[in-house]
Every structure is written in structure tokens, then in C-alpha cells.
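Here is the structure we will look at, set down as C-alpha cells.
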Amino acid sequence: MTGVTRRINAFERQYVLFGPAGPIELDLPKKASIVGIASGRLLVKLDEDWIRSGDTSFKAGSMISYDLAEWKQDPLRAKPSVVFQPNSRQALRGFGRTRNFLVLTILDNLQSKAFVYRYDQGAWHATPVPLPENATVSLSDTSAQTDEMTFTVSDYLTPTSLWYFDAESKRLELLKTAPATFDASKHVVEQLEATSRDGTRIPYFLVRPKSAKFDGSTPTLLYGYGGFQVPLLPSYDGALGRLWLEQGNAYVVANLRGGGEFGPAWHRAGQQATKQSTWDDFIAVADDLIRRKVTSPRRLGVIGGSQGGLLVGTAMTQRPELFNAAIIGVPLFDMLRFTQLGAGASWTAEYGDPAIPEQREWIEDYSPYQKLVPGKAYPEPFIFTSTKDDRVHPAHGRKAAAKLAALGQPYFYFENIDGGHRAAANLVEHARQLALEYTYASRRLCPEPPGGAP
């Protein structure tokens, strides 16, 4: 028996099998993925709630499984059972299999955990892998011949490490740790929450100096993304540490609706007609940092790229008084024409289609290009893009700069010729881009050293 998968849009698909009696469309929701086989069972990941035949229901974000022999005999009558079902603050992040085990990594209120699952006597049984806590855990590799696997572990202040685990013997071993590239001893990481406009709790990570005075004086960069069900998790960044944290500054990562931090429901809450929730969440985190006196509008900057560039554009146009710097990388910006530029037509499942009047209305409510207006003071942004960006067309960044120029608003603009959507084609170009970003941020947000700027 063979089959095909038809992609309907960025998030939906259809599965069809071809057997002796003809094609069979599988009884699966559109937002579901067949992801593999483990312990003689077919694994399916669900990205939407599913009520099956009126008698069984599964939550979005679950993994379910079918007995493979039963499924092969009759895929429409085979009965699925739950492997993992999340609560409202959990999400399935990664998975793999060994000879006898299924391996899952799970986010629990953004804390990464790893488990090995074994199917026995009609049920899945989970055993935790005792990896370091308060870090991002990713499944690196698994062996199909044995029950061995490796994980990478990382956080904002600890270099990435590689761990070995044997699920059969329970042997756990640290194999290797990357060298430290900055002095992290003077900083601490906190997980905090802001309250968005509709009352939703929005988590964020704050990396700050241990000696922070909480008088609004700490230069702070606020980063976010909030789209396409992509979670933002702790990771070690040597350039950020060396060029920003070591200077006594703070860095914040906001976990916004539209991302994947709490599974498909968290994504849907910041998608299409509810996309404004993503922008509200980002602004709420900025307000919370100011309320806690971590920083102040004079010392607060926002940074993001691609969908994150759109995020920064909405923050800058909706609440310009909150920020003194805005780094807008390879951005979406003119959302009324995004489907006509680059790969934009493939993102209507995320944003909606401006060609449909009802959807155009909600997009027009936030599109940054149209929201740049006379009479407002914007935080002198730094916009960068690439001539050869074949994902988000450089016209977005160019139009943002042109509109600011037409309004008489100051701005900085840099367009690299090469590099595609990363805006840098090699290490030299990437280093130049980082130098531009952190020089801009330092000059906008940091106090001048004694005696004036060098």
C-alpha cells in the first residue's frame, strides 16, 4: 500500500492511501502529521482538537498512536490511543525513536523535559531523562539499532553541552561542552510574566546584571517573534554575551501568542483575526519591564527579524513612546501587499489574505507601513535587509525607510547584496551585521562613558 500527502497550506495537509480497492482518504484532521513508527505503532501528531466518531476526543498538541497491524488491515477502523496529551501550559517539542523506545521532549511552562516512552501491556509508560533543569533540551540523535540517544542542552548563560543517554541501562553521561565565549558570572536569568490587554499571562525571560538597581537605568533589548507556532527558548549566544551583556546590559525574550510555546492553541490565539494579540503581548512585556523599573523608555529597545521585524514595526507604530531603539531585520512591513512580494502568498494561513475584504480589514488595523503617519515621533529605527532575500522581499524594508524619509523621520538603513533571508552570506558579513546592530543599540540606549563618546 502506498500513499501521498497533499499540502493544503502552511499548516494543513491531506493523507491518501492507494490500495487494491482504490484511494482511501485517511480519517485524520487537516492539522495532523504522521510522524513515524515506534514499538509497532504508527505515530500521529495533532495540531488541532479532534473528536473521532463521537466517542473519543484528543486535544490539540497531542501525540496519538495506532497498532500498526490493525491500521494496515483497515486504516479507517483502527482505534488510536494517547501517547502524550498536554495541559494548557505544555507543548510537545521534539520526538524520535530507538529500537525499543519512543523519545519525547516536552515544554512545561517553557521548562524543557525529556522522556522515554515504552509501549507495554496496551499502554505507553514514560520515564524522565534526568538532564539539567532550567535549560533548553533538544533531542540530537537516536539509534534505531540500540536504545542510545544524545541530547543538546543550552541556556542563556551556560555554553551548549552534548549528553548521552542509554534508555535500557539508564546510563547518562556528559560528552562535551562548548567553550565559554563571554563572562556570564555577573548576570542572572529570571522567568517573569506580564499581563496582556485581555488579561492573558505572557511569560518572558529576563537576563540581567545581578547588580541591577531597578531604577529604570539598565539598557535593555527586548526580542520577540510570535508567529508560525515557533517557540523562543533559552540558548547560548556568544555575540550577544560579548557585545551586549558583558557591557552591563539586559536582554529579554518575550514568549508571545502566535508562537509555539504552549502548543497549537497558543499559536491560534495570535493568528489571522487574532494577530493583534501578538502585538499586544509584546507591548505588555515592555510595559511590565518599565513598571518593574528594570528599564525605562529611554533605555529600552526592541529587536526582531522577519515576522519579528513585523513585530517591531507594530510596536514602533502602536506605542512609539515606549522605545528609544528599534532594530528591524529582513522585515515584513507592508502587510496590504505582502502576498504580492516574495513568498508572501504562502503565509495567508498565518496572517489572512488582504484580497478578502474582511481579512484586509484586520490586517489594515496593524500594518506598520500604513500606520507610519505625520505628527508622531518614532524611535529612529535601524532597518536592514538583503537584495537577494528570496523569502521576505527587500521591498518591505525599502518601503519602510522611504516612508520614514517622506515623513521627515530619522532612520538608519542597510541593505546587504548577498545573504538571502539571513542578510549575510558568510562570517565576515555576519560579523559586520552584528557590529552594526550592537553599535546602534549601544549608541541609542547606553549612557555615554565619562568624557563623552569615544
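If a residue has to be in contact with a strand residue (DSSP E or B) (Cβ under 9 Å, 6 or more places away or on another chain), among the small types (G, A, S) and farther than 23 Å from L300 by Cα to count, how many in segment 266-280 make the cut?
Residues that pass the stated criteria total 2.
For the condition of a type in the set (S, T, Y), touching a Phe, Trp or Tyr at 6+ places or on another chain (Cβ under 7 Å) and farther than 30 Å from R432 by Cβ, what is the one hit in T150, T200, T158?
The match here is T150.
If you check K176, K210, which single one turns out to be open to solvent by 70 Å² or more (accessible area, probe 1.4 Å) and in contact (Cβ under 8 Å) with a residue 24 or more places away in the chain? Quick ask: steps written out before the conclusion?
Working: K176 fails: in contact (Cβ under 8 Å) with a residue 24 or more places away in the chain.
Being open to solvent by 70 Å² or more (accessible area, probe 1.4 Å) and in contact (Cβ under 8 Å) with a residue 24 or more places away in the chain holds for just one of K176, K210, which is K210.
Pairs please, first residue from segment 410-439 and more than 26 Å from L245 (Cβ to Cβ), second anywhere and aliphatic (A, V, I, L, M) and surrounded by fewer than 17 Cβ atoms within 10 Å (Cβ to Cβ), Cβ atoms under 6 Å, 6+ apart in sequence or on different chains.
D418/A425
Would you tally the residues in segment 373-388 being more than 16 Å from V302 (Cβ to Cβ) and surrounded by 19 or more Cβ atoms within 10 Å (Cβ to Cβ)?
Number satisfying all stated conditions: 2.
Mind listing whichever residues of segment 215-250 are in a strand (DSSP E or B) and open to solvent by 50 Å² or more (accessible area, probe 1.4 Å)? So that I can check it myself, show each step before the final result.
Step one: filter segment 215-250 for residues in a strand (DSSP E or B), giving 220-223, 250.
Scanning segment 215-250 gives a single hit, Y223.
Just checking, does segment 408-421 include any residue being open to solvent by less than 70 Å² (accessible area, probe 1.4 Å) and hydroxyl-bearing (S, T, Y)?
Step one: list which residues in segment 408-421 are open to solvent by less than 70 Å² (accessible area, probe 1.4 Å), which gives 408-410, 414-416, 418-421.
From what is left, the residues that are hydroxyl-bearing (S, T, Y) are none.
No, segment 408-421 contains no residue that is open to solvent by less than 70 Å² (accessible area, probe 1.4 Å) and hydroxyl-bearing (S, T, Y).
Show the residue pairs meeting these rules: Cβ distance below 7 Å; 6+ apart or different chains; first residue within segment 31-44 and over 24 Å from I8 (Cα atoms); second residue of a type outside the set (A, V, I, L, M, F, W, C) and open to solvent by less than 20 Å² (accessible area, probe 1.4 Å).
Filtered contacts from segment 31-44: R41/S65; R41/Y66.
I need the full set of residues from segment 422-438 which are loosely packed, with under 13 Cβ neighbours inside 10 Å and under 25 Å from P219 (Cβ atoms), in order please. Don't jump to the end; show me each part of the working.
Pass one, segment 422-438, residues loosely packed, with under 13 Cβ neighbours inside 10 Å: 426-428, 431, 435.
Answer for segment 422-438, where residues must be loosely packed, with under 13 Cβ neighbours inside 10 Å and under 25 Å from P219 (Cβ atoms): A431, A435.
Output yes when any residue across segment 51-63 is surrounded by 15 or more Cβ atoms within 10 Å (Cβ to Cβ), out of contact with any Cys (no Cβ under 9 Å at 6 or more places or on another chain) and of a type in the set (V, I, T), and no when none is. Steps first, please.
Start the filter on segment 51-63 by keeping residues that are surrounded by 15 or more Cβ atoms within 10 Å (Cβ to Cβ), which leaves 58-63.
Still in the list and also out of contact with any Cys (no Cβ under 9 Å at 6 or more places or on another chain): 58-63.
After this cut, where a residue has to be of a type in the set (V, I, T) as well, the list is none.
Scanning segment 51-63 turns up no residue that is surrounded by 15 or more Cβ atoms within 10 Å (Cβ to Cβ), out of contact with any Cys (no Cβ under 9 Å at 6 or more places or on another chain) and of a type in the set (V, I, T).
Against the definition (hydrophobic (A, V, I, L, M, F, W, C) and part of a loop (DSSP other than H, G, I, E, B)), how does A212 come out, yes or no? I'd like the intermediate steps shown before the answer.
Numbers: hydrophobic (A, V, I, L, M, F, W, C): yes; part of a loop (DSSP other than H, G, I, E, B): yes.
The answer is yes for A212.
Return the only residue of D198, D141 being part of a strand (DSSP E or B), closer than 27 Å to L92 by Cβ and of a type outside the set (V, I, T). Please lay out each step first, then the result.
On the way: D198 fails: part of a strand (DSSP E or B).
Exactly one residue qualifies, and that residue is D141.
Out of all the residues in segment 152-177, which are under 17 Å from N100 (Cα atoms), in a loop (DSSP other than H, G, I, E, B) and of a type in the set (D, E, K, R)?
E168, K170, listed by residue number.
Please find, within segment 269-292, the residue that is surrounded by the most Cβ atoms within 10 Å (Cβ to Cβ) out of those that are touching a Gly at 6+ places or on another chain (Cβ under 8 Å) and over 10 Å from L256 (Cα atoms).
Per the stated criteria, the residue is K275.
If you scan segment 358-393, which residues turn out to be closer than 24 Å to A345 by Cβ, assigned to a loop (DSSP other than H, G, I, E, B) and free of Cβ contacts under 8 Å to residues at least 40 places away in the same chain?
Selection gives S367, T387, K388.
Could you please tell me which pairs satisfy a Cβ distance under 8 Å, a separation of 6+ or placement on different chains, a first residue in segment 318-332 that is under 15 Å from E380 (Cα atoms) and of a type in the set (K, R), and a second residue that is modelled with pLDDT of 95 or more and not in a strand (DSSP E or B)?
From segment 318-332, the pairs are R319/I283; R319/A286.
The values are calculated or read from the model by the stated rules, or taken from the named source; none is laboratory data. Because the structure is a prediction, the values reported are computed rather than measured. Cβ atoms come from the backbone with ideal geometry, glycine included; neighbour counts cover every protein chain shown. Note: areas computed on protein heavy atoms with side chains; ligands, DNA, RNA excluded. Shrake-Rupley method; radii C 1.70, N 1.55, O 1.52, S 1.80 Å.
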